[in-house]
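Enquirer: Structure incoming, see below.
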Amino acid sequence: MERKVAIIGAGISGLLACKYTLSKGYTPVVFESRSSIGGVWTQTFETTKLQTPRSVYQFSDFPWPSSVPEFPNHSQVLDYIVSYATHFNLLPRIKFNSEVLGIEYGGPSDEEVQAWDLWSGTGEPFNSKGKWSITVKDTNSLSTEVYQVGFVILCVGQYSDVPKIPEFPAGKGPEAFRGKVIHSMEYAAMDFERAAEFIKGKRTTVVGFQKSALDIAMECSAANGALNPCRLLYRTEHWNIPDYYPWGVPLAYLYFNRFAELLVHKPGEGFFLSLLATILSPLKWGFSKFVETYVNQKLSLAKFGMVPEQSFHKDISSCLVSSMPEEFYDRVEKGSIILKKAPKFSFCKEGIVVDGEASPLESDLVILATGFKGDEKLKDIFVSPTFQNHIIGSPNASIPLFRQCIHPRVPQLAVIGFSESGSNLYTSEMRSRWLAEFLDGTFKLPSIKEMEKDAERWDQYLKRYSEKHYRRSCIGPLHIWYNDQLCKDMGWNPKRKKGFFAELFEPYGPLDYRPIS
């Protein structure tokens, strides 16, 4: 049996995929375009730190050092990742400075593949007739080499490399502006000293309201104060939280235990659970209001006109909840950060023009913290137009992955780390373990049609609770339900707590799934 597996990307998901395929006797080779491991943690802002408590963002078999605070900074997170890779001897498996230009499936024709009833023709991970060819460029020598493997794991993530730039009418884009326009990706690529010098003394406008935008605004505010205040242009207010203890109650007890999941309709649930979710829906509304009133009071959102229209539950279901930087609204009050709602805007010579306003927002520098085109990045790695279309799916549906890992129509390939959660490390580890068990023959996949139906059920869930943000493929408040499915596939007991009440009310986290010695 073919034992060679290619893993593309040496971020957290790639390292986990490497570790668990290695544990099953496979020979993983990891292609990483950069010169180091860590993915998004290799290029951050000076003020970046972990958004979730470290207890949720940790490897199940490799605890954080006790000296690290609850919310580690970027250097501490990267050190932790490197320590993990070193401890499990993963570094020798990685080919650094190796950019994957494209992957191409060879063997059965497109027509044959599309006629299969079972994934890869048999429902098993490998097909003796099929191989993937991976074209890799050495970014130092610029030479290329083609590798052939029996299985590919894509760990390219959503948040790097392909920036999402807003579209503008002709003549009203960045080209009309006499100042400088960059994406947050370019700002993160600067070293901290250069970044500080770059924004110093400039009238800066930051576009966006997610974590990157907030961090950049804080750095601009610190550099320039109220003399050259940082404008933060945003489209929609979100429930960015000051801490994880609303009114003294850990957020995990409201959203990350089995009881909390009883309050929402789940993909593939039976009649009883569906009825229960309907009956308990007022409690879901109450939990959301409980958090909203705390955040509003703690951050004085009403005072600044920043109370979101949507519920906290909708934001957390869309993975759109960020940690608010300390003293953010103090800076707003002191005038070093100016908040400006702008559903639509364009550029002019002097700066930015908000639709409906006559006077431009004069700027020297505009930083677009507008996210990334993760789906385009995923699509472009395939040579075949057929597979490009399959992997992205319909523009009116989420990325159609069974168990958020396997595309029913793309053989001998898995995706780890694309679908989001409240803690991507925790979720990627569960998926990597599930995939390793599948590769090892512990279970077979259902038919292609059954997998497509399952992906459709998840799409319906995402649209119900995330609405317009469904393509983020966020499993946010359904960690346990999702992990239960993985556990059942692997033949594990999904119930990991001791006792009925603990099982129902205690929050679940990575250590609940730690390997048994």
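The values are calculated or read from the model by the stated rules, or taken from the named source; none is laboratory data. Being a predicted model, the structure only gives us computed values, none of them experimental. Positions of Cβ are backbone-derived with ideal geometry, glycine not excepted, and every protein chain shown enters the neighbour counts. SASA here: full protein model, heavy atoms, side chains in, ligands and nucleic acids out. Shrake-Rupley method; radii C 1.70, N 1.55, O 1.52, S 1.80 Å.
Enquirer: Computing the accessible area with a 1.4 Å probe over protein heavy atoms, can you report the carbon and sulfur percentage for region 115-186?
Expert: Details: 1850 of 3780 Å².
Heavy-atom surface of region 115-186 belonging to carbon and sulfur, 1.4 Å probe: 49 percent.
Enquirer: Given charges of +1 on the Cβ of Lys and Arg and -1 on the Cβ of Asp and Glu, with all other atoms neutral, how large is the dipole of region 352-482 about its Cα centre, in debye to the nearest 20?
Expert: Rounded to the nearest 20 debye, it is 640 debye.
Enquirer: OK, next. Over region 278-366, how many percent of alpha carbon pairs lie in each 5 Å bin up to the one with the longest distance?
Expert: Spelled out bin by bin, region 278-366 gives 3, 10, 16, 17, 16, 15, 11, 6, 3, 2, 1, 0 percent.
Enquirer: Okay, moving on. Tally up the carbon and sulfur contribution to the accessible surface of region 432-517 as a whole percent, 1.4 Å probe, everything protein left in place.
Expert: Working: 2190 of 4220 Å².
It is 52 percent, rounded to a whole number.
Enquirer: Still on this structure, I have one more. Where does region 1-89 land on Rg/Rh, using Cα atoms and the Kirkwood Rh?
Expert: 1.00
Enquirer: With only Lys, Arg, Asp and Glu charged, each at its Cβ (+1 for the first two, -1 for the last two), find how big the charge dipole of the chain is about the Cα centre; round to the nearest 20 debye.
Expert: About 500 debye.
Enquirer: Right, another one. For region 1-126, give the magnitude of the charge dipole about the Cα centre (Cβ charges: +1 Lys/Arg, -1 Asp/Glu; no others), in debye to the nearest 20.
Expert: Here region 1-126 has a charge dipole of around 640 debye.
Enquirer: Same structure, new question: Before rounding to the nearest 500, sum -39500 (n - 2.57) across all DSSP H runs of length at least 4 in the chain and divide by the residue total; then give [θ] at 222 nm in deg cm²/dmol.
Expert: It lands at -10000 deg cm²/dmol.
Enquirer: What whole-number volume per residue, in cubic angstrom, does the convex hull of the C-alpha atoms of region 193-315 give?
Expert: 145
Enquirer: Taking the solvent-accessible surface of protein heavy atoms with a 1.4 Å probe, what is the per residue accessible area of region 1-98 in Å²?
Expert: In whole numbers, region 1-98 has 40 Å² accessible per residue.
Enquirer: Okay, moving on. Quote to one decimal, in nm, the extra length available between Ser75 and Thr27 on full extension: 0.36 nm per residue of separation minus the C-alpha distance between them. Can you show the working numbers first?
Expert: Numbers: separation 48, 0.36 × 48 = 17.28 nm, distance 3.03 nm.
Roughly 14.2 nm would be gained on extension.
Enquirer: Between Ser300 and Ser35, take the C-beta separation as r, use R0 = 41 Å, and let me know the FRET efficiency to the nearest 0.05.
Expert: Efficiency, rounded to the nearest 0.05: 0.35.
Enquirer: As an exercise, take the mean of 1/r over every pair of distinct alpha carbons in region 364-517, invert it, and state the Kirkwood radius in angstroms.
Expert: In region 364-517 this quantity evaluates to 17.0 Å.
Enquirer: Then there's this: Using the Cα centre of the chain as origin and beta-carbon charges of +1 (Lys, Arg) and -1 (Asp, Glu), tell me which of Thr293, Ile12, Leu462 is placed farthest towards the positive end of the dipole.
Expert: So the residue we want is Thr293.
Enquirer: Rounded to two decimals, what is the ratio between the C-alpha radius of gyration of region 139-225 and 2.2 N^0.38 Å?
Expert: Rg over 2.2 N^0.38 Å, computed on Cα atoms: 1.51.
Enquirer: Right, another one. Report, for the chain, the % of DSSP beta bridges that are antiparallel, rounded to 5.
Expert: Details: 24 of 57 bridges.
DSSP beta bridges in the chain are roughly 40 percent antiparallel.
Enquirer: Separate question: Setting aside same-chain residues fewer than 8 positions from Lys340, which lysines have a Cα under 19 Å from its Cα?
Expert: Those lysines meeting the cut-off are Lys202, Lys211, Lys303.
Enquirer: Give the cysteines in the chain for which no other Cys Cβ lies under 4.7 Å away, or write none if there are none.
Expert: Cys18, Cys155, Cys348, Cys405, Cys487
Enquirer: Which Rg and Dmax, in Å, describe the Cα atoms of the chain?
Expert: 23.4, 68
Enquirer: Treating the Cα atoms of region 109-190 as identical point scatterers in vacuum, please give the log10 of the normalised Debye intensity I(q)/I(0) at q = 0.15 Å⁻¹, two decimals.
Expert: -0.85
Enquirer: Between Asp380 and Glu112, what FRET efficiency comes out of the Förster formula 1/(1 + (r/R0)^6) with R0 = 25 Å and r the beta carbon distance, rounded to 0.05?
Expert: Once rounded, the FRET efficiency stands at 0.55.
Enquirer: Amide H of Phe345 versus every other amide H placed in the peptide plane: which residues, excluding those fewer than 5 positions away on the same chain, fall under 5 Å?
Expert: Distant-sequence amide H within range of Phe345: Asp355.
Enquirer: While we're here: Ignoring everything but the protein chains, give the 1.4 Å probe accessible area of Asp243 in square angstrom, nearest 10.
Expert: Its heavy atoms expose roughly 40 Å² to the probe.
Enquirer: Within 15 Å, Cβ to Cβ, of Lys200, how many net charges do the neighbouring residues add up to if Lys/Arg are +1 and Asp/Glu are -1?
Expert: Cβ neighbours under 15 Å give a net charge of -2.
Enquirer: I would also like to ask the following. How big is region 206-267 in terms of Cα radius of gyration and Dmax, in angstroms?
Expert: Radius of gyration, then largest Cα-Cα span, for region 206-267: 17.2, 52 Å.
Enquirer: If you don't mind, another one. Heavy atoms only, 1.4 Å probe, whole protein assembly: order Glu104, Glu437, Glu357 by accessible area, highest first.
Expert: My answer, sorted largest first, is Glu104, Glu357, Glu437.
Enquirer: Follow-up question, since we're still on this one. Long-range amide H contacts for Val206: which residues qualify at under 5 Å (H placed 1.01 Å from N, peptide plane, sequence gap of 5 or more or a different chain)?
Expert: Arg231, Leu232, Leu233, Ile367
Enquirer: Place +1 on the Cβ of every Lys and Arg and -1 on the Cβ of every Asp and Glu in region 187-287, take the dipole about the Cα centre, and give the residue among Pro229, Leu214, Pro250 whose Cα lies farthest towards its positive end.
Expert: Positive-end residue among those listed: Pro229.
Enquirer: Of the options Val410, Gln76, Val56, report the single residue whose Cα projects farthest towards the positive end of the charge dipole of the chain (beta-carbon charges: Lys, Arg +1; Asp, Glu -1).
Expert: Val56
Enquirer: Let me ask another. Just to be sure I understand the model, the point goes 7 Å from the Cα along the line to the Cβ. What's the resulting Lys463 to Ala170 distance in nm?
Expert: 3.6
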